[in-house]
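The values are calculated or read from the model by the stated rules, or taken from the named source; none is laboratory data. Keep in mind the model is a prediction, meaning the values are calculated, not measured. A quick note on method: Cβ atoms are made from the backbone with ideal geometry, for glycine too, and the neighbour counts reach across all protein chains shown. Side chains included, ligands, DNA and RNA excluded: accessible areas come from the protein's heavy atoms. Shrake-Rupley method; radii C 1.70, N 1.55, O 1.52, S 1.80 Å.
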Amino acid sequence: MVKAQNDQNGPATPLWVRRPEVLHRVAYSAAALVFSGQIAAVVLRGSGWPTVLSVLLAGGGVALSWWRPWAGLVVTSAASFAVTAVGQDPLSVWMMAVLVLFSATLRGKQPLAGTVIVAAFFLGAFMTLGGFRGGAVVGAAALFSAIAGGATGGALHIHRAHWWILEERAESAIATREIEATRRVTEERLRIARDLHDVIGHQVAMLSLHLGVAEIGLPEGSESSRQALVSARSSARTVVIETQRILALLRREDDISDDEALRPIPALSGLEGLVASFESIGLDVQPSIEIPAVFVEPSIGVTVYRVVQEALTNAYRHGEGTATVDVRERDGTIRVTVENRVGSPRGSAPGSGLGLVGMRERVESSSGRLTIDSDGGRFRVRAEFSLLGAVVR
């Protein structure tokens, strides 16, 4: 059984749900009070020993029911029959039987069986011996009080079990969401590592190529410079080999197609094709893309591409109408803005936000700044990056 916790966003767990023994103690305290009153009445009236034994039998049944609910219920109910048989009013003893029935059903005992046991002794005593003051009216009221006691205990037991089920489901949902968020973040970090590997591998390969050209262009007699270039090319080849091994390790358990594996590195030049791919599946996109004419750090180009991709995916799943994409460079900073109107979801649960978690991881890995807001029924994703990968101020 999980422990109950009060959730600030939901109703507090009632005391009787957290500590059901409180209700049991209240029921037994009431039964003890009735028993004490009945004993006092027997003593004051000077009743004979059969009456005293009948009342003591009822008290013993109440005590027994604390450990053996069924046996105690039978004994207490039989005591009402015994009290009636000696010519006394069994109403007080009957109240004790009802309280025991309530406690038993609250502990999960079958309400129908318990009510039948109590009612059988009551009807047997009433129909054969009588003894209730007030006749049939009081007798009927006593019978319905027994039914109410059993039904109330059973209902509270069911309600408590239902409360715990909802509590466990809520905790399970929170735990599942946290696990899913962690998994998505881990997957996005691996994807970032793969993209950066592709970028670095490409740059190192180009470096090796330029070193080879420089080696060929060296004049005669430059052996020391030639040897340095040979060593540099060797180191570059080692870097390429090692990064390829890392990539193979990262993609070992990936279920990707050959086309996906051979797809070129995402870059700013691929944004128009990315927009076209979303338009082909039915998303209305209004692009305004200005590719910077100056050099852009390749890893920044990859990140911009992925941000636009994730933002358009979110617009397709959760938005409606036209999605606007604005990518432009000003004063050495690339600014990306994707905006759409909020609508009904098309596939996943609305507002999951797990893709946005990965987007933030990627932007922060590129020293960028990400802003996500939603107001006036519109959802906006804004990202800013330095062209050279420096921290955006």
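Close amide-amide hydrogen proximity is noted between Ala323 and Asp284, Val285, Gln286, each under 5 Å apart and 5 or more residues distant or on a separate chain (H modeled in the peptide plane; Pro and chain starts excluded). Taken per residue, the accessible surface of segment 268-309 reaches 46 Å², heavy atoms only and a 1.4 Å probe. Packing here is the average count of other Cβ atoms within 10 Å per residue, and on that basis the peptides 213-222, 368-377, 295-304, 33-42, highest first, run 295-304, 33-42, 368-377, 213-222. If you sort Phe385, Phe144 by accessible surface, 1.4 Å probe, largest first, the order is Phe144, Phe385.
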